[in-house]
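Working notes for the structure below.
None of the figures in this text is laboratory data; all of them are computed from the coordinates on show. Source: prediction; values computed, not measured. With ideal geometry, Cβ positions are generated from the backbone for all residues, glycine too; neighbour counts draw on all protein chains shown.
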Amino acid sequence: MPNVTLMIATRKGAWLFHGDQTRRSWRTGGPHFLGHEINHVVLDPRDGRTMVAAGKTGHLGPTLFRSTDRGATWKEAARPPAFSKQEGGRSVDHTFWLTPGHRDDPGAWYAGTSPQGLFRSEDGGDSWAPVSGFNDRPGASKAAGGSQDGTPDGPKLHSILVDPRDRRHLYLGMSGGGVHESTDEGATWRPLIQGLEVVGGLDPANIAFHDPHCIRLCPSQPDRLYQQNHCGIYRLDRPSEQWVRVGKAMPAEVGDIGFPMVVHPHDADRAWVFPMDGTDVWPRTCPGGTPAVYATRDGGDSWQRQSAGFPAGQVWWTVKRQSMTADRADTVGLYFGTTSGEVWASVDEGESWDCIVRHLPEIYAVEAATA
């Protein structure tokens with residue numbers, strides 16, 4: 001088993017946790033960028049060295065940082081994502097999501113921002129340009145709701161997915177604004193929202209009312225996607241364009257509302273979610289104060305509770321959409337970070353859990369990479 005590195009992005013900086021081959025002993029690296037909001041830290045799997053971190057700093061504003069030595073040293077990007085003048089006078093508040101490009105497209109990265117914009121880098125994340133086919137498309141403002149409303153700290157463009165078989169085939173999510181697909185490397189886009197529900201009383205035909213929280217593509221079967229949505233858990237099997245709500249099989253007392261979605265790297269029938277209390281005012285806490293991961297082994301037809309090692313009650317944190325991930329070991333390791341600054345790990349695919357660190361700032365994102 002190769003060593004695993006966890007990249008932890010928080011409200012007050014970033015940390016790197018380096019695990020041994022058992023994934024039970026961890027060495028801490030950091031903090032990096034202490035005091036700055038860090039929304040995402042991602043390692044490029046194509047070279048195993050380049051890291052990009054999305055930050056919002058008090059004196060620099062929204063920016064990106066790059067490391068070419070696996071996080072040992074960092075340098076600010078020469079040209080971070082910024083809207084062009086013709087894009088309605090918008091300005092980037094923060095970069096929210098980072099995705100390395102296709103394995104046959106070295107140096108390419110994608111970034112999603114708030115307000116919602118899509119950006120691309122050709123030089124390993126050092127300089128960025130708007131993807132005009134998305135940002136300037138007709139109806140872009142309407143699809144995003146036309147305002148800064150949506151999520152509590154602004155609308156997000158997230159879940160940028162690159163088909164491993166075809167660099168030109170992309171997906172992304174907008175909160176709010178739905179799911180979108182491109183087959184020409186971002187030159188043109190179309191919505192992919194059939195079968196998705198919206199909040200009661202709103203029109204599901206209006207894409208602005210659709211709020212995907214996290215979309216994942218199955219590495220072992222790229223024609224299958226899962227989605228944790230504002231209104232449930234869904235699965236899509238291409239070439240169909242009809243999302244199916246598989247979250248209805250979740251226990252009724254728990255429901256199928258949450259933010260993160262994780263898929264098994266080797267088995268497209270297996271996935272995990274971390275439900276939150278989605279009733280009434282959306283308190284964004286563990287349902288009933290009792291944390292649990294729920295796993296499916298049959299594509300969402302059934303779900304099993306996994307809570308061994310968690311506290312039995314009086315737990316009121318939750319897990320954000322980027323804050324749960326998996327490694328690619330034969331027996332998959334799972335990891336998530338909480339809004340109260342804890343990182344939990346499982347080395348047996350969710351059957352048991354251990355808290356590997358406490359008292360970090362609020363955790364925004366967790367990513368795993370192997371050495």
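Under 17 Å from the Cα of residue 156, which lysines turn up, not counting those fewer than eight places away in the same chain?
Cross-link targets: 56, 142, 320.
Length gain on complete extension for the stretch residue 59 to residue 104, per 0.36 nm per residue less the alpha carbon to alpha carbon distance?
12.5 nm
Roughly what would the spin-label model give for residue 370 and residue 69, points 7 Å off Cα along C-beta, in nm?
Label-label distance for residue 370 and residue 69, simple model: 2.6 nm.
Would you work out if the range 1-113 is rounded, prolate or oblate? Take a ≥ b ≥ c from the square roots of the eigenvalues of the alpha-carbon gyration tensor; rounded if a/c is under 1.5, else prolate when a/b is larger than b/c, oblate otherwise. Don't skip to the end; give the middle numbers.
Values: a/c = 2.54, a/b = 1.53, b/c = 1.67.
Oblate shape, in that a/c is at least 1.5 and b/c is the bigger or equal ratio.
For the chain, with a Gaussian network of springs between Cα atoms less than 10 Å apart, report the residue from 58, 258, 177 with the top mean-square fluctuation.
Its mean-square fluctuation being the largest, the pick is 58.
Taking the chain on its own, what percent of its Cα-Cα pair distances exceed 35 Å?
Every Cα pair in the chain considered, those over 35 Å come to 17 percent.
Using a cut-off of 20 Å between alpha-carbon atoms, which aspartates and glutamates can reach residue 12, once sequence neighbours fewer than 8 places away in the same chain are excluded?
Here the aspartates and glutamates satisfying the reach criterion relative to residue 12 are 37, 76, 93, 153, 342, 362, 367.
At residue 362 and residue 78, where each label point lies 7 Å from the Cα along Cα→Cβ, what is the point-to-point distance in nanometres?
Each label point lies 7 Å from its Cα, and together they span 3.6 nm.
Taking Cα pairs under 8 Å and at least six residues apart, what relative contact order does the chain come out at, in percent?
Contact order relative to length: 12 percent.
Dipole magnitude of the chain about its Cα centre, charges +1 at Lys/Arg Cβ and -1 at Asp/Glu Cβ only, in debye to the nearest 20?
Values: 37 positive and 44 negative charges, 122 e Å.
My answer is approximately 580 debye.
DSSP beta bridges in the range 236-371, what fraction antiparallel, as a percent rounded to 5?
Counting only bridges with both partners in the range 236-371, antiparallel ones make up about 95 percent.
In a shell of Cβ-Cβ distance under 12 Å around residue 49, excluding residue 49 itself, what net charge do Lys and Arg (+1) and Asp and Glu (-1) give?
Charge balance in the 12 Å sphere: 0.
Taking 0.36 nm per residue of separation and subtracting the Cα-Cα distance, what length does fully extending residue 301 through residue 91 add?
Extra length available between residue 301 and residue 91 comes to 71.3 nm.
Normalise the Debye intensity by I(0) for the range 1-40, one equal point scatterer per Cα, no solvent, then take log10 at q = 0.19, 0.32, 0.34 Å⁻¹ and round to two decimals.
-0.53, -0.94, -1.02
Report the relative contact order of the range 1-79, percent, no decimals, based on alpha-carbon pairs under 8 angstrom and at least 6 residues apart. All intermediate terms of the calculation are to be shown ahead of the outcome.
On the way: 172 pairs, mean separation 15.8, N = 79.
With pairs under 8 Å counted, the relative contact order is 20 percent.
Per 0.36 nm of contour for each residue apart, how much would the distance between residue 184 and residue 153 grow if the chain were fully extended, relative to their Cα-Cα spacing?
8.0 nm
Given the options 137, 120, 103, state which has the largest fluctuation in a GNM of the chain using a 10 Å cut-off (strictly under) for Cα springs.
137
Which of 25, 121, 281 sits farthest toward the positive end of the charge dipole of the chain, with +1 on the Cβ of Lys and Arg and -1 on the Cβ of Asp and Glu?
121
For a paramagnetic label modelled at 7 Å from the Cα of residue 21 toward its Cβ, which residues of the range 346-371 fall within the zone defined by backbone nitrogen distances under 17 Å?
What the label zone holds, given the 17 Å backbone N cut-off, is 370-371.
If the elastic network links every pair of Cα atoms under 10 Å, which of 100, 265, 81 fluctuates the most in the Gaussian network model of the chain?
265
When 56, 248 are ordered from fewest to most other Cβ atoms inside 10 Å of their Cβ, what list results?
Values: 56 20, 248 12.
Neighbour counts put them in this order, fewest first: 248, 56.
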